[in-house]
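What follows is a short report on a single structure.
The values are calculated or read from the model by the stated rules, or taken from the named source; none is laboratory data. Predicted model, so just to flag it, every value in this text is computed and none were measured. Neighbour counts run over all protein chains shown; Cβ positions are idealised from the backbone, glycine included.
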């Protein structure tokens, strides 16, 4: 009951004119910045931070949070239309949504994304409202060994995401892991594989890399096929914007499953959104009755990760607000913003600043409604982008990507990264190697290594630690099951061959 | 410079020169002024000054830089602009400061990483490639354990470490960072050995301490404080010479017999060979700035301790820090 009273209070504050205005500004800025290739949530929030110095603390937080989850909406737009994921979490969206676009179904893809994001966001907020203390405890309970188990499980799962053989997926994960090791080693503080370039001591810029791997590679391959425009103008009639009844049926369950996965995984500091989308997608592919649809524009493969993405973005606020520990760079900037306003994030935040907490949470839901209202009418406009002749569209995208990537760090090296990975992505794509697996490898490599080494450091080098801890043991068992299940045909063939051999011998 | 031009305008009006000639004269003076630092003396600053911050917007160093820049802008009447050049743990920014023209128009914030990055071979330049101008803040670390731990006092912590050398796990931020160096400094003085567990930043270590996955942490007192108030963590001591005003009950390591001399410090510096007159002007202005209300307010919010040292004092501090770090890192 208490929570409901608090929530009512929160809505009262979040519905003030000022809060509504800045919430709207936040989600609008977020949507457009997210849709622009090359500029992620971090850049958008960092740049807006000084603007909030003069605002009321709650209004400032509402606006910054709005930019954050608004970017997640926006980044799916460029992922769907142009194969340009604005954030790592929307990399997976490309897998199914871009094939939909290529077959003239960009409208339904955007529509489903908007709805799934809204549902996911709403469910994430319910978790945030109801279970912050419980989930904060859950997040604290994860030791390094447990993180290692979880990450390993996700990596093995990701290797099976590809269209073709799991082996190709595994190769890409391995390449990703190697690329992810570029930068400063957390355990020893030593720069590795940096070629003496100071910029590389922080690792390869992920957004720049994704712009190359997905976007530039796609444009290169379009040109190599003659460079005709993606969709004919006739395909952009209004009717084709709305999902069919079958789409809705398929997306419904997937959205709910994705939301739950996202809401739980999002709580883990530092890896939430991206992991959640990969797990949600993998889950859909596993349980689907027609897995052959995947990679050819499966609606479930769009709805589930999008819902997971937005749910996890909301529950990512749990460790930030509930424990005061920022999960990633974006959350660190949010905590800094709170500090500037003299608000201490931490265990007492929800008690001492209940007003503020519930106000911000209420505004998140209002913001999600705004995003829905903002995005549905815009779908027609977004889809029209595709009718721009390719000889105008492609150079414009390349230019936007370069400007976007450059503007984040003011560094030319980032543009070189885009170009290099554009070429890499083109070659890998030609031979059917899944780019998403590579991206996940890059993201998780430093975390995998850090947690592996820390777990072993704490156990004095005893590998049994991974089996002694229930959480980590569970993940390792799941990983083993997953491998057996994925290769069961090959294993069975092997087994029967041996038996056969025995009989003959 | 503005005054100078105005004076000339007044003079020329009397001598009956045309406006065009006045303009040319003024433009000439400006060109000469821009041509060399020698000529700029006596008139610095006459155009916006850039303050390079090697760390991201919103962080402690950035906020300090902005508060200082505001105060200096007011003082000198020209804008002091903070420019964030992030990368390589501050190295990208430091490189830019050190390689700037020594004319006083590009300065920056120096931190302990100037010394550690050089000693670790990540950066070629050392503190000798900078002109130290003034210290703005010095912060120390806090030692904390989980509230459920049987370690009640700082002495307990040392006793436990002494009994089981290398077994007590201490989460302490990144390898070579000031928290790690503080712990090494204590090991040296107390003759104990911890199991150092590196983390990517202090907050990550606090998270693992909350879950009971490590025994103790060396961390930012401001980051520990909310968890002490919430009853989940216990603060044992703060490093440094004296107690913190926010934590009057927590002893300092110095009063317990361990005067640790590692800190998180932030100072203003420029490229080597900055004109003396620029340094003097800045010293005075920064001394005033660190006492200004706006600066103190910012420092309180980020939980940082204002501390002023002049150019000479800062240079001595840098020399001492390099000695300490060289010894610890060996």
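Of the helices (runs of 4 or more DSSP H) that lie entirely inside the stretch B:228-330, those containing 2 or more residues that are in contact with a strand residue (DSSP E or B) (Cβ under 6 Å, 6 or more places away or on another chain) span B:276-289, B:311-329. Within the stretch B:292-311, being more than 14 Å from chain A (Cβ to nearest Cβ), surrounded by fewer than 20 Cβ atoms within 10 Å (Cβ to Cβ) and more than 21 Å from residue B:241 (Cα to Cα) holds for B:292, B:293.
Residues checked against (1) assigned by TED's automatic domain parsing to the domain that holds residue B:121; (2) within 21 Å of residue B:248 (Cα to Cα); (3) modelled with pLDDT of 90 or more:
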{"position": "B:162", "(1), (2), (3)": "no, no, yes"}
{"position": "B:171", "(1), (2), (3)": "no, no, yes"}
{"position": "B:175", "(1), (2), (3)": "no, no, no"}
{"position": "B:183", "(1), (2), (3)": "no, no, yes"}
{"position": "B:189", "(1), (2), (3)": "no, no, yes"}
{"position": "B:194", "(1), (2), (3)": "no, no, yes"}
{"position": "B:199", "(1), (2), (3)": "no, no, no"}
{"position": "B:212", "(1), (2), (3)": "no, no, yes"}
{"position": "B:228", "(1), (2), (3)": "no, yes, yes"}
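Out of B:274, B:233, B:225, B:207, report the one residue that is buried (at least 18 other Cβ atoms within 10 Å of the Cβ) and away from chain A (no Cβ under 13 Å). Please lay out each step first, then the result.
Numbers: B:233 fails: away from chain A (no Cβ under 13 Å); B:225 fails: away from chain A (no Cβ under 13 Å); B:207 fails: away from chain A (no Cβ under 13 Å).
The conditions single out B:274.
Each row is one residue, and each column tells you yes or no for (1) over 24 Å from residue A:206 (Cβ atoms); (2) modelled with pLDDT of 90 or more; (3) in contact with a helix residue (DSSP H, G or I) (Cβ under 9 Å, 6 or more places away or on another chain); (4) crowded, with 24+ Cβ neighbours inside 10 Å.
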{"residue": "A:89", "(1), (2), (3), (4)": "no, no, yes, yes"}
{"residue": "A:106", "(1), (2), (3), (4)": "yes, no, yes, yes"}
{"residue": "A:111", "(1), (2), (3), (4)": "yes, yes, yes, no"}
{"residue": "A:118", "(1), (2), (3), (4)": "yes, yes, yes, no"}
{"residue": "A:121", "(1), (2), (3), (4)": "no, yes, yes, yes"}
{"residue": "A:124", "(1), (2), (3), (4)": "no, yes, yes, yes"}
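Can you tell me which residue is nearest to the other protein chains (Cβ to nearest Cβ) among those in the stretch B:61-85 that are in contact (Cβ under 8 Å) with a residue 60 or more places away in the chain and under 9 Å from residue B:49 (Cβ atoms)? My answer is B:72. For the stretch B:205-241, filtering for residues that are over 15 Å from residue B:154 (Cβ atoms), within 25 Å of the chain's Cα centre (by Cα) and touching a residue at least 12 places away in the same chain (Cβ under 8 Å) leaves 7.
Limited to the stretch B:174-184, what total is found for residues that are more than 10 Å from chain A (Cβ to nearest Cβ) and buried (at least 24 other Cβ atoms within 10 Å of the Cβ)? Steps first, please.
Kept after step one, since they are more than 10 Å from chain A (Cβ to nearest Cβ), are these residues of the stretch B:174-184: B:178-179, B:181-184.
Checking which are buried (at least 24 other Cβ atoms within 10 Å of the Cβ) leaves us with B:178-179, B:181-183.
Counting residues in the stretch B:174-184 that are more than 10 Å from chain A (Cβ to nearest Cβ) and buried (at least 24 other Cβ atoms within 10 Å of the Cβ) gives 5.
Residues in the stretch A:410-418: is at least one out of contact with any helix residue (DSSP H, G or I) (no Cβ under 8 Å at 6 or more places or on another chain), within 14 Å of chain B (Cβ to nearest Cβ) and at pLDDT below 90? Checked against the condition, which is being out of contact with any helix residue (DSSP H, G or I) (no Cβ under 8 Å at 6 or more places or on another chain), within 14 Å of chain B (Cβ to nearest Cβ) and at pLDDT below 90, the stretch A:410-418 yields at least one hit. Within the stretch B:101-114, does at least one residue satisfy the condition of being within 12 Å of chain A (Cβ to nearest Cβ) and either in contact with a helix residue (DSSP H, G or I) (Cβ under 6 Å, 6 or more places away or on another chain) or part of a helix (DSSP H, G or I) (or both)? For the stretch B:101-114, residues within 12 Å of chain A (Cβ to nearest Cβ) and either in contact with a helix residue (DSSP H, G or I) (Cβ under 6 Å, 6 or more places away or on another chain) or part of a helix (DSSP H, G or I) (or both): present. Going residue by residue through the stretch A:440-451, is there one that turns out to be assigned to a loop (DSSP other than H, G, I, E, B) and out of contact with any helix residue (DSSP H, G or I) (no Cβ under 8 Å at 6 or more places or on another chain)? The answer is no; no qualifying residue exists.
Mind listing just one residue for me: the one in the stretch A:182-216 that is assigned to a loop (DSSP other than H, G, I, E, B) and touching a strand residue (DSSP E or B) at 6+ places or on another chain (Cβ under 6 Å) and, of those, nearest to the other protein chains (Cβ to nearest Cβ)?
So the first thing to find is which residues in the stretch A:182-216 are assigned to a loop (DSSP other than H, G, I, E, B), and the list is A:182, A:185-190, A:193-197, A:203-205.
Of the ones still in play, those that are also touching a strand residue (DSSP E or B) at 6+ places or on another chain (Cβ under 6 Å) are A:185, A:203.
Working: A:185: 8, A:203: 10 Å.
Filtering the stretch A:182-216 for residues that are assigned to a loop (DSSP other than H, G, I, E, B) and touching a strand residue (DSSP E or B) at 6+ places or on another chain (Cβ under 6 Å), the one nearest to the other protein chains (Cβ to nearest Cβ) comes out as A:185.
Just one of (1) at pLDDT 90 or above; (2) surrounded by 14 or more Cβ atoms within 10 Å (Cβ to Cβ); (3) under 30 Å from residue A:103 (Cβ atoms) trips up residue A:475, so point out which. Going through the list (1) at pLDDT 90 or above; (2) surrounded by 14 or more Cβ atoms within 10 Å (Cβ to Cβ); (3) under 30 Å from residue A:103 (Cβ atoms), residue A:475 breaks only (3). Scan the stretch B:140-165 for residues that are in contact (Cβ under 8 Å) with a residue 24 or more places away in the chain, away from every other protein chain (no Cβ under 14 Å) and not in a helix (DSSP H, G or I) and the total you get is 9.
Which residues, counting only those in the stretch A:328-356, are more than 25 Å from the chain's Cα centre (by Cα), within 14 Å of chain B (Cβ to nearest Cβ) and in contact (Cβ under 8 Å) with a residue 12 or more places away in the chain? Lay out the reasoning, then the answer.
Taking the stretch A:328-356 first, the residues more than 25 Å from the chain's Cα centre (by Cα) are A:339-344, A:346-356.
Filter again for within 14 Å of chain B (Cβ to nearest Cβ), leaving A:339-344, A:346-353.
Those that are more than 25 Å from the chain's Cα centre (by Cα), within 14 Å of chain B (Cβ to nearest Cβ) and in contact (Cβ under 8 Å) with a residue 12 or more places away in the chain: A:340, A:341, A:342, A:343, A:344, A:346, A:347, A:349, A:350.
Within the stretch B:181-204, being at negative phi and not in a helix (DSSP H, G or I) holds for B:192, B:193, B:194, B:195, B:196, B:197, B:198, B:199, B:200.
More than 30 Å from residue B:176 (Cβ to Cβ) and in contact (Cβ under 8 Å) with a residue 60 or more places away in the chain: is that true of residue A:153 in this structure? Reasoning before the result, please.
Details: more than 30 Å from residue B:176 (Cβ to Cβ): yes; in contact (Cβ under 8 Å) with a residue 60 or more places away in the chain: yes.
The answer is yes for residue A:153.
Inclusion of residue A:208 among residues that are closer than 22 Å to residue A:402 by Cα, surrounded by 14 or more Cβ atoms within 10 Å (Cβ to Cβ), under 24 Å from the mean Cα position of the chain (by Cα) and at pLDDT below 90 is warranted.
Would you check if residue A:325 is in a loop (DSSP other than H, G, I, E, B), in contact (Cβ under 8 Å) with a residue 60 or more places away in the chain and either surrounded by fewer than 24 Cβ atoms within 10 Å (Cβ to Cβ) or within 14 Å of chain B (Cβ to nearest Cβ) (or both)? For residue A:325, the condition - in a loop (DSSP other than H, G, I, E, B), in contact (Cβ under 8 Å) with a residue 60 or more places away in the chain and either surrounded by fewer than 24 Cβ atoms within 10 Å (Cβ to Cβ) or within 14 Å of chain B (Cβ to nearest Cβ) (or both) - is not met.
Selection of the stretch B:212-221 for residues being crowded, with 20+ Cβ neighbours inside 10 Å and not in a strand (DSSP E or B) yields B:213, B:214, B:215, B:220, B:221. One residue alone among B:64, B:72, B:68 is over 16 Å from the mean Cα position of the chain (by Cα), crowded, with 20+ Cβ neighbours inside 10 Å and either under 28 Å from residue B:202 (Cβ atoms) or at pLDDT 90 or above (or both), and that residue is B:72.
If only one of A:97, A:44 is in contact with a helix residue (DSSP H, G or I) (Cβ under 6 Å, 6 or more places away or on another chain), without any contact (Cβ under 8 Å) to a residue 40 or more places away in the chain, crowded, with 20+ Cβ neighbours inside 10 Å and closer than 26 Å to residue A:379 by Cα, which one is it?
On the way: A:97 fails: without any contact (Cβ under 8 Å) to a residue 40 or more places away in the chain.
Residue meeting the stated conditions: A:44.
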